[in-house]
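Undergrad: Pasting in a structure now, in structure tokens, and then I'll have a few things to ask.
Since every read-out is calculated from the coordinates, none of them should be taken as a lab result. Given the structure is predicted, the values throughout are model-derived calculations rather than measurements. Neighbour counts are summed over all protein chains in view; Cβ atoms, including those assigned to glycine, are modelled from backbone coordinates with ideal geometry.
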Protein chains: 2
Amino acid sequence: MTERPLILISNDDGYSAKGIRVLMNVLTEFGDVVVVAPHTGRSGKGCAITSENPVKYWQVKEAPGLQVYACTGTPVDCVKLAFHSILKRRPALVVGGINHGDNSAVNAHYSGTMGIVFEGCMKEIPSIAFSLCSHDADADFMPAVPYIRNMVSEVLQRGLPVGSCLNVNFPNSPSYAGVKVCRQANGQWVNEWGAHEHPNGGVWYWLTGSFNCKDTAADADRVALDNNYVTITPTRIDVTDYSLLDSMKGWNIDSLVIE
Amino acid sequence: MTERPLILISNDDGYSAKGIRVLMNVLTEFGDVVVVAPHTGRSGKGCAITSENPVKYWQVKEAPGLQVYACTGTPVDCVKLAFHSILKRRPALVVGGINHGDNSAVNAHYSGTMGIVFEGCMKEIPSIAFSLCSHDADADFMPAVPYIRNMVSEVLQRGLPVGSCLNVNFPNSPSYAGVKVCRQANGQWVNEWGAHEHPNGGVWYWLTGSFNCKDTAADADRVALDNNYVTITPTRIDVTDYSLLDSMKGWNIDSLVIE
């Protein structure tokens with residue numbers, strides 16, 4: 001009998017969040033699942049690693065085909081610790097989510113869910129992030145489930161190119177207009193801070209803001225989400241700007257070596 | 001008289017680190033400098049933002065052409081707060097560093113120094129990260145100074161394409177073989193954790209490891225650094241994998257819309 005695929009799941013909302021519990025239920029259909037996720041919410045941690053403190057993990061659940069561990073580290077720490085100390089064999093898939101909140105456009109850089117997937121990708125494992133455009137702790141993830149099944153099945157069969165991963169976002173909607181393969185939308189966050197007086201004096205700033213989407217193209221992920229499409233943004237860990245690389249060879253840089 | 005350019009500096013080693021003090025000295029030659037940097041070391045924070053606590057900042061130094069602020073947030077928070085509350089006009093340049101440690105290859109994803117520069121780039125300001133391949137708190141940054149002057153001068157004159165920024169790394173060496181415009185090297189961190197018994201019981205893990213460079217090409221940044229070159233890796237905030245985007249249109253994805 002063929003061994004069932006091993007699937008590693010993590011998230012940035014904590015191991016007990018609703019979104020990751022939905023993902024555990026779906027992915028145990030496909031293989032043996034190991035969850036290593038933060039013990040509490042660690043949103044907005046991007047690819048952060050914990051370099052100045054030690055971290056630890058402990059098991060919180062064991063069931064047939066499912067082991068769940070909580071970890072004090074960042075989402076990326078969870079993946080690194082899983083590979084180092086927890087997983088007994090190489091996983092077939094690393095999955096982040098289902099995130100409570102949109103990870104389209106530049107949010108990919110701030111997202112701990114995408115941090116997980118960048119890390120899985122660095123370890124040369126096909127990796128997929130799933131996110132729902134709702135921060136509600138009790139959001140309805142059910143409309144996303146058949147799409148997750150379909151995409152996981154495709155990636156388990158086809159794999160992904162080394163260095164590439166998928167950033168999948170779902171509109172907060174009971175049904176969708178369809179699925180689009182998209183590029184990262186242009187735009188930026190504005191009005192990012194709320195100032196609040198501390199009861200004992202001094203001003204503290206809470207991160208807030210709104211996203212100013214500068215893109216109008218139908219294949220930009222943020223735009224497609226607004227049009228009620230499920231978006232798949234193929235993503236790479238090589239952030240080199242090859243076009244600028246070529247043009248910089250004409251710059252006036254001392255000691256520049258051109259080969 | 002023309003107004004001097006405004007330059008925003010941040011780092012992830014804290015406002016009092018040696019590397020950022022060198023950068024302040026150099027960049028005040030070019031314009032008015034505002035520093036907004038973490039009050040203590042925040043290495044490895046990548047593009048992390050602080051979403052679950054408020055942050056604050058305070059001024060630690062004021063001199064002609066130089067204002068220095070400390071901030072309790074991440075490197076990216078520092079840039080966001082600077083734009084929101086501190087800078088009186090749009091800067092001509094956002095600069096991260098000089099980092100104590102290598103930010104070549106995949107380190108770009110974990111680096112708070114690169115987080116600063118991604119953030120500056122999202123705000124459509126030409127942005128440069130400078131890093132030295134030494135974690136020594138008293139490292140010798142002097143050999144890098146003439147190269148920093150040259151690159152800052154070029155970028156102030158030429159600008160950078162919107163969405164693109166520069167990741168510059170210096171070998172830990174008293175002199176260099178030259179400067180190379182590079183791409184991000186392939187490779188990954190291995191042996192990433194050290195396990196330690198806590199005095200009161202239980203195992204804690206400290207992040208450590210070594211970088212396994214899989215690249216041998218002379219224009220890969222990590223390889224060029226090993227060959228004693230200063231490396232400039234042009235970097236983009238659009239992480240879309242356009243090649244995979246095209247090939248995914250042939251996948252068996254339910255409800256896939258191809259336009």
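Undergrad: For region A:103-165, what class follows from the C-alpha gyration tensor (a ≥ b ≥ c being the square roots of its eigenvalues): rounded when a/c is under 1.5, otherwise prolate if a/b is larger than b/c, else oblate?
TA: Values: a/c = 2.73, a/b = 1.25, b/c = 2.18.
It comes out oblate by the Cα gyration axes.
Undergrad: From the phi angles alone, apply the Karplus equation (6.51, -1.76, 1.60; θ = phi - 60°) to region A:130-147 and give each ³J(HN,Hα) in whole Hz, x where the residue is Gly or Pro.
TA: Each residue of region A:130-147 in turn: 10, 9, 10, 6, 8, 8, 4, 4, 10, 3, 8, 8, 4, x, 6, 4, x, 6 Hz.
Undergrad: Kirkwood Rh over alpha-carbon pairs of the protein assembly as shown, then Stokes-Einstein at 10 °C and 1.306 mPa s: what D in µm² s⁻¹, rounded to an integer? Before the final figure, lay out each step's value.
TA: Values: Rh = 23.3 Å.
Reported coefficient: 68 µm²/s.
Undergrad: To continue, here is another question. According to the square roots a ≥ b ≥ c of the eigenvalues of the Cα gyration tensor, what is the shape class of region B:109-222, taking rounded for a/c under 1.5, prolate for a/b larger than b/c otherwise, and oblate for the remainder?
TA: It is prolate, given that a/c is not under 1.5 and a/b is the larger ratio.
Undergrad: OK, next. Of chain B, which part is the longest with no trypsin sites (Lys or Arg not before Pro) in a loop (DSSP not H, G, I, E, B) and with at most 14 other C-beta atoms within 10 angstrom? Don't jump to the answer; show the numbers that get you there.
TA: Numbers: sites that count: B:88, B:89, B:214, B:249.
Maximal segment without exposed cleavage sites: B:90-213.
Undergrad: Among DSSP beta bridges lying fully in chain B, give the percent that are antiparallel, nearest 5.
TA: Numbers: 21 of 50 bridges.
Within chain B, antiparallel bridges account for around 40 percent of the total.
Undergrad: Under the rule of at least 5 residues apart or a separate chain, name every residue whose amide H is placed under 5 Å from the amide H of residue A:256.
TA: Sorted by chain and number, the residues that satisfy this are B:179.
Undergrad: Let me ask something additional. Pulled fully out, how much extra length does the chain show between residue B:196 and residue B:157, if you take 0.36 nm times their separation in residues and subtract their Cα-Cα distance?
TA: Numbers: separation 39, 0.36 × 39 = 14.04 nm, distance 5.15 nm.
Working it through step by step, the gained length comes to 8.9 nm.
Undergrad: Turning to a different aspect of this structure: Run the quick spin-label model on residue A:208 and residue A:63: label points 7 Å from Cα toward the beta carbon, then report their separation in nm to one decimal.
TA: So the label points at residue A:208 and residue A:63 sit 3.9 nm apart.
Undergrad: Also, quick follow-up: Between residue A:135 and residue A:227, how high is the FRET efficiency from 1/(1 + (r/R0)^6) when r is the Cβ-Cβ distance and R₀ = 25 Å? Nearest 0.05. Mind dumping the intermediate values first?
TA: On the way: r = 21 Å, r/R0 = 0.83.
The calculated FRET efficiency here is 0.75.
Undergrad: Could you please rank A:100, B:196, placing first whichever residue has the fewest other Cβ atoms within 10 Å of its Cβ?
TA: On the way: A:100 25, B:196 13.
Lowest count first: B:196, A:100.
Undergrad: Okay, next question. Take the alpha carbon atoms of region B:21-75, find their center, do the same for region A:198-259, and report the distance between the two centers in whole angstrom.
TA: Between the Cα centres of region B:21-75 and region A:198-259 lies a distance of 22 Å.
Undergrad: Rounded, prolate or oblate: pick one for region A:59-175, where a ≥ b ≥ c are the square roots of the eigenvalues of its C-alpha gyration tensor, a/c under 1.5 means rounded, and failing that, prolate if a/b is larger than b/c, else oblate.
TA: On the way: a/c = 1.40, a/b = 1.28, b/c = 1.09.
The shape class here is rounded.
Undergrad: As an exercise, take the mean of 1/r over every pair of distinct alpha carbons in chain B, invert it, and state the Kirkwood radius in angstroms.
TA: Working: mean 1/r = 0.0516 Å⁻¹.
It is 19.4 Å.
Undergrad: List the residues whose amide H sits under 5 Å from the amide H of residue A:127, counting only those 5 or more places along or on another chain, with H placed 1.01 Å from N in the peptide plane.
TA: A:94, A:166
Undergrad: While we're here: Using a 7 Å offset from Cα along the direction of the beta-carbon, what are the separations from residue A:209 to the same position in each other copy, nm, ascending?
TA: 2.7
Undergrad: Could you list which residues have their amide H under 5 Å from that of residue B:9, counting only those 5 or more apart in sequence or on another chain, with H placed in the peptide plane?
TA: B:34, B:35, B:36, B:95
Undergrad: In chain A, how many lysine pairs have Cα atoms under 26 Å apart, counting only pairs 8 or more places apart or on different chains?
TA: Here the count comes out as 20.
Undergrad: Build a GNM of chain B with springs between Cα atoms under 10 Å: which of B:150, B:186, B:227 gets the top mean-square fluctuation?
TA: Checking each option, the largest mean-square fluctuation is seen for B:150.
Undergrad: Which whole-Hz couplings ³J(HN,Hα) result when phi for each residue of region B:203-211 is put into the Karplus expression 6.51 cos²θ - 1.76 cosθ + 1.60, θ = phi - 60°, listed in order with x for Gly and Pro?
TA: For region B:203-211, the Karplus-derived couplings read 10, 10, 10, 9, 6, 8, x, 9, 8 Hz, x marking Gly and Pro.
Undergrad: How large is ³J(HN,Hα), in whole Hz, for each residue of region B:66-83 in order, when computed from phi with the Karplus curve 6.51 cos²θ - 1.76 cosθ + 1.60 and θ = phi - 60°, using x for Gly and Pro?
TA: Each residue of region B:66-83 in turn: 8, 10, 10, 10, 9, 9, 7, x, 6, x, 5, 3, 4, 5, 4, 5, 4, 5 Hz.
Undergrad: Considering only B:205, B:242, B:69, give the residue with the highest GNM mean-square fluctuation for chain B, with springs between Cα atoms whenever their separation is below 10 Å.
TA: B:242
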